[in-house]
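Readers should treat all values here as calculations from the given coordinates under stated rules, not as data from a laboratory. Just so we're clear, the structure is a prediction, and the values are computed from it rather than from any experiment. In this analysis, Cβ positions are derived from the backbone assuming ideal geometry, glycine residues included, and neighbour counts consider all displayed protein chains.
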Amino acid sequence: MDLVKLGGSVITDKGKVTTLRPTALRRLAAEIAASGRDVVVVHGAGSFGHIKARKHRLNEGYVDDGQLPAVSEVQRDVRTLDLAVVDALRKAGLRPVSLPPSAIARLSDGALRDLDIDVFRRYADLGFTPVTFGDVVLDDRRWFSICSGDLLMLALAQSLRPRSAIFVADVDGVYTADPKRVRAAKLLRAIGPANLAAVDVGGSTAHDVTGGLAGKLERMIAVARYADACLLVNGLKKGRLLAALRGKPVVGTRVRP
């Protein structure tokens, strides 16, 4: 089994509220199907979640009653995105099933306390492709909070011990700095605790409510403990996800525990 995290920056335009990148999504779905691998798909919320969640401080938990309509609205928006992901996978020939975290996960002060892993296993055993995503869920300390796709990747990796865990982003891998802002940024072929300090995390996107680049790197390194291979590849480049799923050499960053 393999885990694939479709980053929100790849399947949505993170600068425009609730804006899909349909061409990229269709191609990535086709690559997952063409790999022939049993895959669990996790996708980010992108512009369907982060912008409104940040505006209403949903990652902080309950502040006042004015947030409550936003919780409902963001849950609706990320389900709209999830439906698009499920439709793309279905049209690619797979049998996807949606597993919303708000129904199967609980947080405790922002940390994932409980996730029904058995439902993933049972659907996968029947030949389905489980699909889950970043969502607003109940939190026993904050009332509600954000359950990110990266938190879900870690929990799934710990329980399923996948052959590979592939993070699909909109850049070629992990760089020493944000390559969109710093021309001299260098691609790191491997990243782990030993060279984590070489990465300038100051350029994280302003809309991210799940810990920014620093948090993402820490969670990817944690995921790498439980997968035979953990990679970050560019989902905007044709064929890279497919090559990674097939275990072939691919431009990207290998994440080490």
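Some points to look at:
- When Rg and the Kirkwood Rh are both derived from Cα coordinates, the Rg/Rh ratio for the chain amounts to 0.94.
- Here segment 64-97 is scanned for amide nitrogen atoms under 18 Å from the site 7 Å beyond the Cα of Arg106 along Cα-to-Cβ, giving none.
- Peptides 83-90, 15-22 ordered by average Cβ neighbours within 10 Å, highest first: 83-90, 15-22
- Approximate spin-label separation Leu126-Arg181, in nm, with each point projected 7 Å along Cα-to-Cβ: 4.6 nm
- Ellipticity at 222 nm from helices only: DSSP H runs of n ≥ 4 in the chain, each -39500 (n - 2.57), divided by the residue count, give -10500 deg cm²/dmol.
- Listed residues Gly61, Ala244, Leu232: farthest to the positive end of the dipole of the chain (Cβ charges): Ala244
- Only beta bridges with both residues in the chain are counted; by DSSP, about 35 percent of them are antiparallel.
- Alpha-carbon centroid distance for the pair segment 139-207 / segment 60-135, whole angstrom: 20 Å
- Furthest towards positive pole of dipole, Phe48, Gly110, Pro100, structure part segment 1-134, Cβ charges: Phe48
- Relative to its residue count, segment 111-151 spans a Cα convex hull of 67 Å³ per residue.
- For the pair Asp65 and Leu138 in one chain, pulling the backbone fully straight at 0.36 nm per residue adds 24.8 nm over the alpha carbon distance.
- Global form of segment 1-98, assessed from the alpha-carbon gyration tensor, a/c cut-off 1.5: prolate
- Dipole magnitude of segment 3-124 about its Cα centre (Cβ charges: Lys, Arg +1; Asp, Glu -1), debye to nearest 20: 500 debye
- Long-range tail of P(r) for segment 41-111 (Cα pairs > 13 Å, %): 69 percent
- Sequence-separation-based contact order of the chain, relative, with Cα cut under 8 Å and 6+ spacing, percent: 23 percent
- Rounded to the nearest 20, the Cβ-based charge dipole of segment 57-172 about its Cα centre (Lys and Arg +1, Asp and Glu -1) stands at 560 debye.
- The Cα-based radius of gyration and maximum Cα-Cα distance (Dmax) for segment 81-163 are 13.2, 41 Å.
- Peptides 231-239, 6-14 ordered by packing proxy, namely the average of other Cβ atoms within 10 Å per residue, highest first: 6-14, 231-239.
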